[in-house]
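The values are calculated or read from the model by the stated rules, or taken from the named source; none is laboratory data. Just so it is clear, the model here is predicted, and its values are computed rather than measured. Please note: Cβ atoms are built from the backbone with ideal geometry, for glycine as well, and neighbour counts cover all protein chains shown.
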Protein chains: 4
Amino acid sequence: MAKKTGKQATAPRWRRRKDERGPEILAAAIDVFAARGFAAARLDEVAARAGVTKGTLYLYFENKEALFKAIVHEQLLPRLAEADERARGYTGPATVLLLEVIKTIADAVIGTRLGLIPKLVIADAGNFPELARFYVDEVIARGMGVFSRILERGVAQGEFRKIDLAVAAPVCIGPLLLLAIWKNVLEPHAKRKIDKDQYIAAYTDIVLRGLLAPGVEMPWKA
Amino acid sequence: MAKKTGKQATAPRWRRRKDERGPEILAAAIDVFAARGFAAARLDEVAARAGVTKGTLYLYFENKEALFKAIVHEQLLPRLAEADERARGYTGPATVLLLEVIKTIADAVIGTRLGLIPKLVIADAGNFPELARFYVDEVIARGMGVFSRILERGVAQGEFRKIDLAVAAPVCIGPLLLLAIWKNVLEPHAKRKIDKDQYIAAYTDIVLRGLLAPGVEMPWKA
Amino acid sequence: MAKKTGKQATAPRWRRRKDERGPEILAAAIDVFAARGFAAARLDEVAARAGVTKGTLYLYFENKEALFKAIVHEQLLPRLAEADERARGYTGPATVLLLEVIKTIADAVIGTRLGLIPKLVIADAGNFPELARFYVDEVIARGMGVFSRILERGVAQGEFRKIDLAVAAPVCIGPLLLLAIWKNVLEPHAKRKIDKDQYIAAYTDIVLRGLLAPGVEMPWKA
Amino acid sequence: MAKKTGKQATAPRWRRRKDERGPEILAAAIDVFAARGFAAARLDEVAARAGVTKGTLYLYFENKEALFKAIVHEQLLPRLAEADERARGYTGPATVLLLEVIKTIADAVIGTRLGLIPKLVIADAGNFPELARFYVDEVIARGMGVFSRILERGVAQGEFRKIDLAVAAPVCIGPLLLLAIWKNVLEPHAKRKIDKDQYIAAYTDIVLRGLLAPGVEMPWKA
DNA sequence: CATGAATGAGTGTTCATTCAT
DNA sequence: TATGAATGAACACTCATTCAT
C-alpha cells in the first residue's frame, strides 16, 4: 500500500472532486488513445497519466469502449455542432464561409489532441465495428453535412459551378484529412515539415478556384 | 529484439530466407494485416491462411515487425518505383499525366489489398516509430515526389498557374487519401456509399480546374 | 486480518458494534449471501440493499467473513435453539414429535431465506475452513442432536425398532437436505417441479414406516 | 524466460503426448473445482497441479466453463450411464437391485473426487445458471431416472408398497446426498466421523423397510 | 525444413478494503 | 457516525515467440 514513491507521504489519497476527475481522465485518455490506437492503448497508462489507479477509471467509465465514446461525445461532437450552428446561421457568400470553416477545422485538427481521433478510428475500425459505426454515424455524417450545405448554397447562389454535390464534399475534405494525419501522425517521424498556413493557402487557392463559377472573384481579392 | 545469434549482423532483418513459402506467407500476411491492423493481426491467422503452422513463420521472418516491413519492401515499393519511372519518362502535357496517375493510384488503392497499407501505417505509427520512419522515408517521400515533379513540369510548361509547389502535392493527394480510407476502412460501416468513378470525376474536375492557368483548356475537352 | 488496532483482543470478531443499522445490514446480507454464495456476494449489493454505503458496513462488521458469521449467530442459531428447546420439553410419542419437527424444518427451509444458509456453507467450506468448522460445531451438531434425541426416545419407548442410533439421525435428515437444496438451488433451473407437501408426505411415510417397531401404528392412522 | 527454478535445466519443455495432457488437466481440474467451487477455482492452480502453464489449458479447453462441462461429460456421465445400463438389464428383485445401486453410488461418491461435483454445482448454481441447467438436465435427470425405474418395477412386481412414485426417488436419494456432502465437505472440519458402512446399513435398513409391501422379506434375510 | 505443443508476459475488469472528509 | 472516492491485488484469457521432435 502507498507504494507510489516520489510523492509526499502526507499526500491525501483524494482531495479532488468527482467533477474534476472525469475530465482529467478524459484528457489523459485522448492522449493515450491518440498515441497508441484503441486496441493498443493500455488503461494502466491512461490511469497513470491521469494520476489515478486503474480501478478508479471504472468509477467514471463503464469500460474502455465507453471511455472512447465519451471522448467523441464530450469533446468532438460539441465542436462539430458549434461549427454546424455557425454555418447554418451564416448569410454571406458561401466562399467566405467555406474559407472560415476550413481554417477553423484546420486549427482544431492541428492545435488540439482531437486531431488524432480520426486516425484512431481509422486504425481500429476493422477490429471494433461498433466503434466504427458509431463514429461514421455521429461524426462523419455531421462533418460531411456541414460541407455539403455550404457547397449547396454556393451553387444555389451562383457562386460555385454546378458541381456534383453528391461527392464534392468529401473531395474538399480530403486535403484536410491529409493535413490532420500528416501533422499528427507522420510529421513527427519525417525530416520534411509542412507549414500549416502555407498548406491552407494552397489548399483553399486550388480548391476554391476549382469550385468557382466563371466570372466570380476569389473572396480575398474582393 | 534481434535475439537470434549466429546470424550476420549485416543481413537486413526484414528479408525472407527462403523462396518457396515466403511469397505465400507474405500474401497471407497482407490480407491479415490489412484486415486487422498491425497490432491486432494474429500470426495464427497468417499461418492458417498461408497453409503453414505458426512455427514455420519464424523460419522465414524474424518476427512480426519484420514480416510487415517485408510487405512494404516487396509489394509496395516496387509499384511506386514503377509509377515514378513512368512519370519521369512521360513527355506529354502535365494535365494528362496527372489525370492518368490519379486514376492509376485510385484503382490500386481500391482494387488491391495494398490500399490498406497506408491505413495500417497510420494506425500503428505511434506504436512502432521505426516502422513509421521507414514508411515516411521510403514510401511517402517517393509518392510525393511523383506528384511534385508533375506539378512542377505543368507550371514550367505554362499549363498550371504559379502555385506554391512546396505544398501543392499533398493538397492534390488529399482526396486520394480520403478515398482510400473511405473505401477501405469506413464504407463497410456506413449507410452511404461513394461511387468511385463519380468521386474521381469530381476530384479531377475540381482540382485540375483549380490548377490550370487562365486560358488553358481542361484536357478532356481538348 | 484483524488489522484494526486498539480493540480488545477478546471481542469476538463477528459481533456487530452498533444496534441501529446492524440488523438492517444483516437482513440485506442474508439475501445477498443466499442468492450469490459467500464468495460471489458483493458488499456493494449488501450495502445498497441495506440503504447504506459500502464504507458503513465496516463500521459494523470487521469484514466479509465476520458478516457471514453474524448471520449464523444471530439468525440461525436462535431458531435451532428454540427447536431444541421444544423437542426437549415434549413428552408425547416420538413419532408425532418427529413429524412435527420435520414439518417445521421443511417450512423454515423453504419459506425463509435461511434455507439457503446450508447451501452457502456447503459451497464455501473449502475456501473458508474456519467458517466450516464454526458451522459444523455450532449448527450441525445442534441440529443432529435434536433428531438424535427424538430417535433415542422413540427406541426407548418401544415406538421405533432398535436402529443404529449413531447414524440414524443423518439418514433421517438426508431427504430434508435434498429438499432444501432442490427447492432453493436447483428447481429454478429445472423443468420438473417437486410439490413440497407431496414430498413431505412420501418422506415421512417411507422413513417413519422404516423406523416403526412391528405392531406400532403410523401416527396419522391412529 | 525459463524462470522456472528447481527444475533440471535439461528438462524438455514437452515430451508428453497431446492425448495425455487432456486427462491430466481434467484430473487436476476436478480437484481444484471440488476444493474451491467453480467461481473460486483459479486456473493458475489447475495448471500448476496439472504440471502445465495457464496458457496450455486453453489449448485443451475453450474456457473455464468448458473445462467444467468436460469433467461432467467425461467423468460423471459415463458412470451414470453405466449404472443405468446395469439397472435396465437387471431382471431379479427390485430390492436387491436398489441395494446394489445404492452401494455403488455410495462408493463412487466417497472414494472418488467425483463425489465433490454435486457440491460444486450446488455452490455455483446461482451465479452460473447455464451451468446449473446443464447439470440438472444431464446429471440429475439421469440419476433420478435410475431410481425411478427401480422403484416403479418394485411396485409393479409387488415388492414395494404403492408409494407416490413422483417423489419417492428424491426421498430415497436424500440420504445419499447427505452422505456425499458430509464425507466430502464437512467431515474434514468435524470432530465426529461417520462410518460409511454403518451409515449405508442404517440407510438401507430404514428406507427399504419403509418401502416394502407387507409380508415381503428384507432381501438380506432371504 | 516443418511442426505444433508449450510458454508466460501482458491487459481489461472486478471488488474487498481503506480513509480523508 | 457516515460517506464515497480511491485503491490495488487478483484473475480469466490472449498471443507472439520458442523449441523438442
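Quick notes
- Cross-chain or 6+ apart pairs with Cβ under 9 Å, region B:51-62 first and farther than 13 Å from B:Glu24 by Cα and more than 14 Å from chain D (Cβ to nearest Cβ), then within 6 Å of DNA strand E (Cβ to nearest atom) and charged (D, E, K, R): B:Leu59/B:Lys18; B:Leu59/B:Arg21
- Of all residues in region A:200-218, those satisfying the criterion of being outside any loop (DSSP other than H, G, I, E, B) and within 14 Å of A:Gly154 (Cβ to Cβ) are A:Thr204, A:Val207, A:Leu208, A:Arg209, A:Gly210, A:Leu211, A:Leu212.
- Evaluation of B:Cys172 against the conditions (1) within 11 Å of chain A (Cβ to nearest Cβ); (2) free of Cβ contacts under 8 Å to residues at least 24 places away in the same chain shows that the sole unmet condition is (2).
- Residues in region C:21-59 that are within 11 Å of DNA strand E (Cβ to nearest atom) and under 22 Å from C:Glu130 (Cα atoms): 12 in all.
- For D:Glu138, the test of being surrounded by fewer than 19 Cβ atoms within 10 Å (Cβ to Cβ), modelled with pLDDT of 90 or more and in contact with a Leu (Cβ under 7 Å, 6 or more places away or on another chain) is failed.
- Of residues in region A:65-88 being within 11 Å of DNA strand E (Cβ to nearest atom) and surrounded by fewer than 19 Cβ atoms within 10 Å (Cβ to Cβ), the one farthest from B:Pro129 (Cα to Cα): A:Ala66
- Yes/no for A:Leu114 being surrounded by 15 or more Cβ atoms within 10 Å (Cβ to Cβ) and within 11 Å of chain B (Cβ to nearest Cβ): no
- Members of region B:160-169 that are within 7 Å of chain A (Cβ to nearest Cβ) and in contact with a Phe, Trp or Tyr (Cβ under 7 Å, 6 or more places away or on another chain): B:Val167
- Selection of region A:40-53 for residues being more than 18 Å from A:Asn184 (Cβ to Cβ) and either of a type in the set (Gly, Ala, Ser) or buried (at least 22 other Cβ atoms within 10 Å of the Cβ) (or both) yields A:Val46, A:Ala47, A:Ala48, A:Ala50, A:Gly51.
- Members of region A:1-30 found to be more than 8 Å from DNA strand F (Cβ to nearest atom), at pLDDT below 90 and acidic (Asp, Glu), listed by number: A:Asp19
- Residue pairs whose Cβ atoms lie under 7 Å apart, sitting 6 or more positions apart in sequence or on different chains, and linking a residue in region B:182-199 that is within 18 Å of A:Leu165 (Cα to Cα) to a partner that is outside any helix (DSSP H, G or I), are B:Trp182/B:Ile194; B:Gln198/A:Asp164.
- In the condition set (1) under 17 Å from the mean Cα position of the chain (by Cα); (2) in a helix (DSSP H, G or I), B:Phe38 is compliant with all but (2).
- Scanning region D:20-44 for residues that are charged (D, E, K, R) and touching a helix residue (DSSP H, G or I) at 6+ places or on another chain (Cβ under 8 Å), we see that the one that is nearest to the other protein chains (Cβ to nearest Cβ) is D:Arg36.
- Per-region count, region B:145-159, residues hydrophobic (A, V, I, L, M, F, W, C) and touching an Asp or Glu at 6+ places or on another chain (Cβ under 9 Å): 1
- Taking region C:179-221 as the range and being polar (S, T, N, Q) and either facing chain D (nearest Cβ under 7 Å) or in contact with an Asp or Glu (Cβ under 8 Å, 6 or more places away or on another chain) (or both) as the test, only C:Gln198 passes.
- Lone qualifier among A:Gly154, A:Gly92, A:Gly174 - being closer than 16 Å to A:Pro219 by Cβ, among the small types (Gly, Ala, Ser) and surrounded by 16 or more Cβ atoms within 10 Å (Cβ to Cβ): A:Gly154
- D:Ala132 being among the aliphatic types (A, V, I, L, M), free of Cβ contacts under 8 Å to residues at least 12 places away in the same chain and farther than 24 Å from D:Ala87 by Cβ: yes
- For region A:70-116, the set of residues classified as in contact with a helix residue (DSSP H, G or I) (Cβ under 7 Å, 6 or more places away or on another chain) and of a type in the set (Val, Ile, Thr) consists of A:Ile71, A:Val72, A:Thr95, A:Val96, A:Val101, A:Ile102, A:Thr104, A:Ile105, A:Val109, A:Ile110, listed by residue number.
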